[in-house]
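Asker: Got a structure for you, questions after.
Throughout, read-outs are computed from the coordinates displayed, never taken from laboratory work. Please read these numbers as outputs of a predicted model, since none were measured by experiment. Using ideal geometry, Cβ is built from the backbone for each residue, glycine included, and neighbour counts are taken over all protein chains shown.
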Amino acid sequence: MRQKSTSKIKNRYNRISGVYDSMDKMIKDSWRQDLLKNVSGKVLEVGIGTGANLPFYPPEVHLTGIDFSPGMLKKAEEKMAALDLPYQVSLIEMNAQEMDFPDNTFDYVVATCVFCSVPDPVKGLQEISRVCKPDGKIIMLEHMRSENAVVGKMMDIINPVTVNTWGANINRRTLENINKAGLSIEEKEDLVFTIFRKLKIKPNK
Ligand SMILES: C[S@@+](CC[C@H](N)C(=O)[O-])C[C@H]1O[C@@H](n2cnc3c(N)ncnc32)[C@H](O)[C@@H]1O
């Protein structure tokens, strides 16, 4: 079941990879910059997509970016080549729900607008906790179901359209999923009412 939904979502991202950058205007560059300004050491970005965060990492990081969509990764590679980045980057095709990295590998794990799409988000969150060092940090900028009753209901109604066109669930209850995965939220900032959230999370060790 998980395998079937994983290949379905992966195919949707492959299909839209060519036009993704022109469609995606949800996250402001200033939010990305603010999220990433203090990351250091070995950094994993899960669901790196077309590489929208690449211009905003500090120069001293060693970045590993994974995505399960080869189409999205190809766009990230093109962006990387065009930007001539001052830090080391490895881009790898990999499923965030079953990563090949050993336990306790990364100082930071980054996710921006990813857990709306990961087919089994609780498994994905447990995996990022596993590969994060015990004193490492997981930082996220994610959109999720609004806590406003009317807006939340509207998101439930529109959700089948967004999942079937580009693979994103706009009504994901990501805070609940983080709790289900056993992780603790250390800092939470609401953006655009409660639709976007900037989160700092402690791995479950
Ligand atoms: C909405 S896009 C966001 C891309 C990028 N993080 C950004 O901020 O623009 C979600 C990305 O997550 C990737 N993704 C979703 N589920 C994944 C999984 N299980 N493993 C790896 N990548 C995944 C998709 O292929 C897609 O590139």
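Asker: Here is a list: Ile92, Ile66. Which entry is within 13 Å of the ligand (Cβ to nearest atom), in contact (Cβ under 8 Å) with a residue 24 or more places away in the chain and farther than 29 Å from Lys188 by Cα? Break it down stepwise before answering.
Answerer: Values: Ile66 fails: farther than 29 Å from Lys188 by Cα.
Of Ile92, Ile66, the one residue that is within 13 Å of the ligand (Cβ to nearest atom), in contact (Cβ under 8 Å) with a residue 24 or more places away in the chain and farther than 29 Å from Lys188 by Cα is Ile92.
Asker: Right, here's the next one. Does Val43 satisfy being buried (at least 23 other Cβ atoms within 10 Å of the Cβ), more than 12 Å from the ligand (Cβ to nearest atom) and either part of a loop (DSSP other than H, G, I, E, B) or among the hydrophobic types (A, V, I, L, M, F, W, C) (or both)? Full working, then the answer.
Answerer: Numbers: buried (at least 23 other Cβ atoms within 10 Å of the Cβ): yes; more than 12 Å from the ligand (Cβ to nearest atom): yes; either part of a loop (DSSP other than H, G, I, E, B) or among the hydrophobic types (A, V, I, L, M, F, W, C) (or both): yes.
Answer is yes for this residue.
Asker: Go through (1) more than 8 Å from the ligand (Cβ to nearest atom); (2) over 16 Å from Lys202 (Cα atoms) one by one and return the number of the condition Leu125 breaks.
Answerer: (2)
Asker: I've got another one for you. For the stretch 77-128: of the residues being of a type in the set (D, E, K, R) and not in a loop (DSSP other than H, G, I, E, B), which is surrounded by the most Cβ atoms within 10 Å (Cβ to Cβ)?
Answerer: Within the stretch 77-128, the match that is surrounded by the most Cβ atoms within 10 Å (Cβ to Cβ) is Glu127.
Asker: Right, next: Scanning the stretch 12-43 for residues that are among the polar types (S, T, N, Q) and without any contact (Cβ under 8 Å) to a residue 24 or more places away in the chain, which turns out nearest to Ile195 (Cα to Cα)? Walk me through how you get there before you give the answer.
Answerer: Pass one, the stretch 12-43, residues among the polar types (S, T, N, Q): 14, 17, 22, 30, 33, 38, 40.
Cutting the leftovers down to without any contact (Cβ under 8 Å) to a residue 24 or more places away in the chain gives us 22, 30, 33, 38.
Numbers: Ser22: 21, Ser30: 17, Gln33: 19, Asn38: 24 Å.
Ranking the candidates gives Ser30 first.
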